[in-house]
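*Asks:* Mind looking over this structure? Questions follow.
The values are calculated or read from the model by the stated rules, or taken from the named source; none is laboratory data. Keep in mind that what you see is a predicted model, and the values were worked out from it rather than measured. Backbone-built Cβ (ideal geometry, glycine too); neighbour counts: all protein chains shown. The area values use the complete protein model at the heavy-atom level, side chains included, leaving out ligands, DNA and RNA. Shrake-Rupley method; radii C 1.70, N 1.55, O 1.52, S 1.80 Å.
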Amino acid sequence: MEIDSFISEIKSIADEFFLDIQYLDYTDITLLSRIHFSDRVFIQVYKNIKKNKLNLALIVGNSRVYGVDGEGGIYHEHPFENPESHKPISQKVSLREFVLKSIEILKILSEE
């Protein structure tokens with residue numbers, strides 16, 4: 001996927017879920033973005049099309065509470081229960097799927 005179409009996807013998802021893109025930096029190969037739920041809660045996105053790399057992290061405060069990383073079509077998850085661990089997953093996770101999972105996690109955190 002070209003960077004321009006991924007930027008369009010980020011903007012579309014931000015609009016759909018009423019999120020704020022507070023940081024977006026990109027070249028023709030890489031992209032780094034922060035999509036905010038609030039000042040201290042955001043999704044950090046890193047994409048490198050040359051390496052077929054996508055890193056997604058849900059950040060609360062200064063800590064990753066959930067994440068998915070993929071490179072070359074091989075993905076692993078940093079599960080909410082233990083975000084420092086690596087759990088292999090069999091398929092690519094889309095940005096939209098990651099946002100939906102992040103919303104579920106944020107609901108759990110708000111109940112604690």
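For (1) in contact with a Cys (Cβ under 6 Å, 6 or more places away or on another chain); (2) at pLDDT below 95; (3) more than 21 Å from LEU109 (Cβ to Cβ); (4) of a type in the set (Phe, Trp, Tyr), each residue gets a yes or a no:
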site: GLU2; (1), (2), (3), (4): no, yes, yes, no
site: THR27; (1), (2), (3), (4): no, no, yes, no
site: GLN44; (1), (2), (3), (4): no, no, no, no
site: ILE74; (1), (2), (3), (4): no, yes, yes, no
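*Asks:* Tell me the residue from TYR46, TYR26 that is of a type in the set (Ser, Thr, Tyr), open to solvent by 60 Å² or more (accessible area, probe 1.4 Å), within 20 Å of GLN91 (Cα to Cα) and out of contact with any Gly (no Cβ under 7 Å at 6 or more places or on another chain), please. Lay out the reasoning, then the answer.
*Replies:* Details: TYR26 fails: within 20 Å of GLN91 (Cα to Cα).
Going through TYR46, TYR26 in turn, just one is of a type in the set (Ser, Thr, Tyr), open to solvent by 60 Å² or more (accessible area, probe 1.4 Å), within 20 Å of GLN91 (Cα to Cα) and out of contact with any Gly (no Cβ under 7 Å at 6 or more places or on another chain): TYR46.
*Asks:* Ok, one more. Given the stretch 20-68, what strands (runs of 3 or more DSSP E) lie entirely inside it while holding 1 or more residues that are within 9 Å of the chain's Cα centre (by Cα) and of a type outside the set (A, V, I, L, M)?
*Replies:* Working: elements: 20-26, 30-38, 41-48, 53-60.
Those strands (runs of 3 or more DSSP E) span 30-38, 41-48, 53-60.
*Asks:* So which of LEU95, LEU56 ends up being closer than 15 Å to ILE10 by Cβ, touching a residue at least 60 places away in the same chain (Cβ under 8 Å) and aliphatic (A, V, I, L, M)? Even if it seems obvious, please write down each step before you answer.
*Replies:* Details: LEU56 fails: touching a residue at least 60 places away in the same chain (Cβ under 8 Å).
Every option except LEU95 fails the conditions.
*Asks:* Could you tell me which residue of the stretch 70-112 is nearest to LYS47 (Cα to Cα), considering only residues that are of a type in the set (S, T, N, Q) and open to solvent by less than 50 Å² (accessible area, probe 1.4 Å)? Write out each step before concluding.
*Replies:* So the first thing to find is which residues in the stretch 70-112 are of a type in the set (S, T, N, Q), and the list is 82, 85, 90-91, 94, 102, 110.
Applying the additional criterion that residues be open to solvent by less than 50 Å² (accessible area, probe 1.4 Å) yields 85, 94, 102.
On the way: SER85: 21, SER94: 12, SER102: 18 Å.
Per the stated criteria, the residue is SER94.
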